[in-house]
Amino acid sequence: MKSHIKYRIDLTSQIARITSTLKVENAGNDLVSEVLLTIPDNQAKNLAYLTATSNEGKGKVKASAVSLPVEVVHPKGMPPALTFYSVSLPKGLGKGETFTLDVLAVFTHALQPFPEEITQANIQLVVFSDTAHFLSPYTVKVQSLIVKLPEARIESYTKIENTKIHGSEIKYGPYENLPPFSYSPIGVHFEANQPFVVAQELVREIEISHWGNVQVTEHYNLVHGGARSKGEFSRLDYQSRRYVGGASAVRTLVAKLPPRAHSVYYRDEIGNISTSNLWSDSKKTELEIEPRYPMFGGWRTAFTIGYGLPLQDFLFQAEGKRYLDFSFGCPMNEVVIDTLIVKAKKPVSYKASTDNNEMGWDGMGQLKKVVLPEGSTDISVSVPFPVKQWQETKFSHLDVIGRPVIALEKTNAVPEHDQHFQVYYKFSNLSMLREPLMLISGFFLLFVAGIIYMHADLAISKSSPSYLAKLQWDEVLAVIQQFQNNINRCLTIHDKLEASLRDLSRTGDVQACKAARKAFDGLLKDLSKDLKPLLAFLQSSPQASQILPKVEELVVKEKDLQEKLMAKHSIVVDGYEKKSGGREIENRIALQQQKITALRQEVDDLLEFIEEI
């Protein structure tokens, strides 16, 4: 085999893209059906995406590109520390026949910061290493290389034969008649101030509701993968010299969401983040988000984006099945995703994890979860590249058997993986009525239970000892309440008797005072008669045994208080009839007044004690 090669290395972002155009010619006699591509092992571990397409035809009649199968192979007799990939040709090449193909290889973490640590005021410099000669197991007749850089500022680069520099591009070659596995190492040290945004983990959960909505929730765990920041952070320098102090910092991120996205939110562990802007039209929806703080090299942040989408834009039907057609990748440009997870719900069943990563690419990646409605069956997934797949079950409101979840994991994901994938499943329209019927049935049973409760006799049997004891205690409480009322009426009469003495001292009308006392004496006698049957009931009731001593004591204290008040009244009236002086009357009743005050306090304490019981 002989080949003519033009290849280009694009280093304008943190993702290294190598595009090659190979014109291969069969110089032997045997039919050739495959072309081998060679990548050193130290680069192959960072290989994120590899594709080959046909490039036949010339000028305006060039045929449309056709993707060619690519797989890892292990040919015998080859040098070590190399990884080989086989590109299957659409038809075998006979002797002297040629075929042209385009190869795109995408690498992550290929740009190494140098120096590894910088201050806020420094620019970011990186180093890229490769070979000026296209590494191939075939003889290369003619080959050239162009290295495209983001800036014209180049610190240093490897200078070999036929090397030219023009602005931000370095050209090597052309080189002719290179032997197989020809290798000429080169390195470029250049300025790269673009942010190196790396999603160490991105979990996208896509939940389907047949009531008309697709809910997407994306959990991001980001880190700035560029040169680590050292020293203190100055907010003043950052604000006043935004493009000098922290030129490589992540200030904003733009997520390109599908058209007609609605109910968009952006929050982190603390809560909603208001520093975001949303633009929407008929073709796209863009969400510009600004983290709580600028991200310098080595700094991290975590947040969540959520939005809803119209179901009819992403769910379709074919051959008796429904299928979700959705994009796999990250909605943010030029983000390297170490772990991408996509999840979706499906019927309850479990299938062992299957790793379809036949090409052996490692690194981190992304995980997607597609959540299908409860009751989905006969589920299958179509993804245009190898992923790791497994199934889960998720329970939500009113779920009985759980919602089936399809989980897809991709490591080392790049924007080229933002291709559409499909999840096929069967779902009966009758299953949509399950949850409404459950709600209706639940409320119906609740109302029926309420009606039964309101009409059912849940009282304790009237012949049981506990019920009888409760009735007896209720009678005791009623009698005690009457007893308290009588005692309080007695105390009220006592207060009125004291008031008649105050009126006597003000008016000197002895006859009116005597008449008031006579009336109060009659009321107190009537109340005393009313107390006797109440006291007799309490003395005869076993339920009142604990409170009875206090009741009897209260009766004695009230009677004693009544006697002392009557004695005081007699002394005062007698003094006024004999024309005694006010000082003399007060001296005569002083002792009586002390006893009255003490007794009244004791009576109030007993009443309070009985009230608490």
Filtering strands (runs of 3 or more DSSP E) wholly in region 238-300 for at least 1 residues that are open to solvent by less than 60 Å² (accessible area, probe 1.4 Å) and modelled with pLDDT of 90 or more gives 253-257, 262-267, 285-289
Exercise. State whether one or more residues within region 139-161 are among the aromatic types (Phe, Trp, Tyr), touching a residue at least 40 places away in the same chain (Cβ under 8 Å), over 30 Å from Val32 (Cα atoms) and not assigned by the TED database to the domain that holds Leu253.
Key: no
Of the conditions (1) at pLDDT below 90; (2) under 47 Å from the mean Cα position of the chain (by Cα); (3) not polar (S, T, N, Q), the single one that Leu202 does not satisfy is (1)
Reported set for region 168-223 where residues are in contact (Cβ under 8 Å) with a residue 60 or more places away in the chain, acidic (Asp, Glu) and either open to solvent by 10 Å² or more (accessible area, probe 1.4 Å) or within 30 Å of Val35 (Cβ to Cβ) (or both) is Glu191, Glu201, Glu205, Glu207
Out of (1) assigned to a strand (DSSP E or B); (2) touching a strand residue (DSSP E or B) at 6+ places or on another chain (Cβ under 6 Å), the one Asn177 does not meet is (2)
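Here is a yes/no grid of residues against (1) within 28 Å of the chain's Cα centre (by Cα); (2) open to solvent by 50 Å² or more (accessible area, probe 1.4 Å):
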position: Arg403; (1), (2): yes, no
position: Glu409; (1), (2): yes, no
position: His417; (1), (2): yes, no
position: Val423; (1), (2): yes, no
position: Phe427; (1), (2): no, no
position: Phe443; (1), (2): no, yes
position: Phe447; (1), (2): no, yes
position: Gly450; (1), (2): no, no
position: Tyr453; (1), (2): no, yes
Note on region 121-139: residues in contact with a Gly (Cβ under 9 Å, 6 or more places away or on another chain), buried (at least 21 other Cβ atoms within 10 Å of the Cβ) and small (Gly, Ala, Ser) are Ala132
Those residues of region 142-159 which are exposed (fewer than 14 other Cβ atoms within 10 Å of the Cβ) and over 51 Å from the mean Cα position of the chain (by Cα) amount to Lys159
Can you find a residue in region 506-513 that is under 22 Å from Glu608 (Cα atoms), assigned by the TED database to the domain that holds Leu561 and either among the hydrophobic types (A, V, I, L, M, F, W, C) or at pLDDT below 85 (or both)?
-> no
Checked against (1) closer than 30 Å to Pro465 by Cα; (2) surrounded by 13 or more Cβ atoms within 10 Å (Cβ to Cβ); (3) basic (Lys, Arg), Lys532 satisfies every condition except (2)
State yes or no: is Thr100 among the hydroxyl-bearing types (Ser, Thr, Tyr) and within 28 Å of Lys148 (Cβ to Cβ)? yes
Residue pairs within 8 Å by beta carbon, gap of at least six or interchain, first lying in region 596-613 and open to solvent by 80 Å² or more (accessible area, probe 1.4 Å), second of a type in the set (A, V, I, L, M, F, W, C), listed first then second, are Ile613/Ile480; Ile613/Ile547
Worksheet item: Hey, does region 34-55 have a residue that's small (Gly, Ala, Ser) and more than 52 Å from the chain's Cα centre (by Cα)?
Response: no
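The values are calculated or read from the model by the stated rules, or taken from the named source; none is laboratory data. Every value quoted in this text rests on a predicted model; they were computed, and no experiment measured them. Because the Cβ atoms are built from the backbone with ideal geometry, glycine has one as well, and the counts that use them run over all protein chains shown. For the accessible areas, the whole protein counts, side chains as well, though only heavy atoms, and no ligand, DNA or RNA atoms are used. Shrake-Rupley method; radii C 1.70, N 1.55, O 1.52, S 1.80 Å.
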